[in-house]
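Just so it is clear, none of the values below were taken in a lab; they were calculated from the coordinates. Just so it is clear, the model here is predicted, and its values are computed rather than measured. Don't worry about glycine lacking a Cβ; one is built from the backbone with ideal geometry, like all the others, and counts go over all protein chains shown.
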Amino acid sequence: MNLKPEHYRNVADWPKAGIQFKDIGPVLRNPELLAASTLQLVAAARELVDQVDFVVAPEARGFLFGPPLAIALGAGFIPARKPDKLPPTTASIAYELEYGQAQLHIHEHELDGATVLIHDDLLATGGTAAALAKLVSQVGAIPVAAVFLSEIPSLGGRSALGNLSCDSLVSFD
């Protein structure tokens, strides 16, 4: 079973007018699709990188597939959290989303010299993934690739990632 756009639920005008939210809930509720998506995500990551030290993923949906992806790759998992969710000291970055601003934090000294795979459920404008790549670089890590469950190519997210190798399982265009 391959992940397809029709496995998602489209929610118009969420979280604000003009945004077409891609709800991953139907994927998560289907055990076969959940398992298949996880395996496909691991395969996509292995096509991009031989080995990484850590998978870094943002709160909250990046936490769904990030840990299983890390386990399958023999890597650790680093959560990128929203403000005031991690004890001090943290490094942080503010960035723009399609529908506003956001901020992510990671512990300052967990990644020094590490290679990192960035993961999130959706690549849209690339704001979150690009912010994560910049943030892990700021703390001395090396972002080597990014892998996503889904992507909206018309929003140009890959260009925001520069030369960072990336892949996704589903395209919404």
Go ahead and set up a Gaussian network model of the chain, Cα springs under 10 Å, then flag whichever of LEU48, LEU135, LEU104 fluctuates most. LEU48
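Nothing charged except the Cβ atoms of Lys and Arg (+1) and of Asp and Glu (-1): what's the magnitude of the dipole of region 1-87 about its Cα centre? Round to the nearest 20 debye.
Values: 10 positive and 9 negative charges, 56 e Å.
Using Cβ point charges on Lys, Arg, Asp and Glu, region 1-87 gives about 280 debye.
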Expressed as a whole number of Å, what is the distance separating the alpha-carbon centroids of region 145-173 and region 1-66? 12
Placing +1 at every Lys and Arg Cβ and -1 at every Asp and Glu Cβ, with all other atoms neutral, what dipole size does region 28-173 have around its Cα centre, in debye to the nearest 20? 180
Counting as exposed only trypsin sites (Lys or Arg not before Pro) in DSSP loop states with no more than 13 other Cβ atoms inside 10 Å, the longest exposed-site-free span of the chain is 86-173
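Could you work out the helix-only [θ] at 222 nm for the chain, with each DSSP H run of four or more residues adding -39,500 (n - 2.57) and the total divided by the number of residues, to the nearest 500 deg cm²/dmol?
Numbers: 5 runs with 51 residues, N = 173.
Here the helix-only value at 222 nm equals -8500 deg cm²/dmol.
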Which residues in region 79-96 have a backbone N closer than 16 Å to a point placed 7 Å from the Cα of GLN103 along the Cα-to-Cβ line? 80-96
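Quick check on the chain: take the gyration tensor over C-alpha atoms, sort the square-rooted eigenvalues as a ≥ b ≥ c, and tell me if it's rounded (a/c under 1.5), prolate or oblate. Spell out each step's value before the answer.
Working: a/c = 1.63, a/b = 1.22, b/c = 1.33.
Note, shape of the chain comes out oblate.
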